[in-house]
1. Would you check which residues across region 72-82 are over 16 Å from Val123 (Cβ atoms) and touching a residue at least 40 places away in the same chain (Cβ under 8 Å) and list them?
2. Provide a single number: the residues in region 81-114 that are closer than 23 Å to Leu23 by Cα and at pLDDT 70 or above.
3. Do we find that Phe7 is aromatic (Phe, Trp, Tyr), out of contact with any Leu (no Cβ under 8 Å at 6 or more places or on another chain) and at pLDDT 85 or above in this structure?
4. Quick one: in region 65-78, which of the residues that are in contact with a Gly (Cβ under 8 Å, 6 or more places away or on another chain) and under 20 Å from Ala17 (Cβ atoms) is surrounded by the fewest Cβ atoms within 10 Å (Cβ to Cβ)?
5. In region 42-64, what residues are at pLDDT below 80 and loosely packed, with under 13 Cβ neighbours inside 10 Å?
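The values are calculated or read from the model by the stated rules, or taken from the named source; none is laboratory data. For clarity, every value in this text was computed on a predicted model and none was experimentally measured. With ideal geometry, Cβ positions are generated from the backbone for all residues, glycine too; neighbour counts draw on all protein chains shown.
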Amino acid sequence: MDVPVQFFQSIIAIEVAIAGALLFQVRYFEPRRAAAEEDYLPDPRWRLVIAVVLAATIFGALDGIANAGGQQMAVFVTIGVATSAIPILIRVLPPLVIAAHPGSRRAYSIITIFGLALYALAVTVLIFLLGR
């Protein structure tokens, strides 16, 4: 059973949305200011890794469209989407907890770890369903 082309098209759309969100998170569209703000940005090596994951996922989806990619390609691009969304999740989860408990670092860690574990479980279930 082949994976429909629409799956790969939706993967490309999701990756474009993730890339846009990441560009705003690293303040790509804002003018560069003081060096003190540079400390807030992620390490350039991690940004490069995420850029490679984004590119590999998009080109994998394009290859899946061009060559009628099967389930292996669908699993590959699903893992790519899941991996590229992790920086967004890590940046989104902490503010929710900091607003609820301003002085508590332990609650921050527990909720962040729980959120990422729940996300990993959801991705695992999705990949298991694709592999059938």
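1. Once the filter is applied, which keeps residues that are over 16 Å from Val123 (Cβ atoms) and touching a residue at least 40 places away in the same chain (Cβ under 8 Å), region 72-82 yields only Met73.
2. Qualifying residue count for the region: 12.
3. Against the criterion (aromatic (Phe, Trp, Tyr), out of contact with any Leu (no Cβ under 8 Å at 6 or more places or on another chain) and at pLDDT 85 or above), Phe7 qualifies.
4. Phe76
5. Those that are at pLDDT below 80 and loosely packed, with under 13 Cβ neighbours inside 10 Å: Asp43, Pro44, Trp46.
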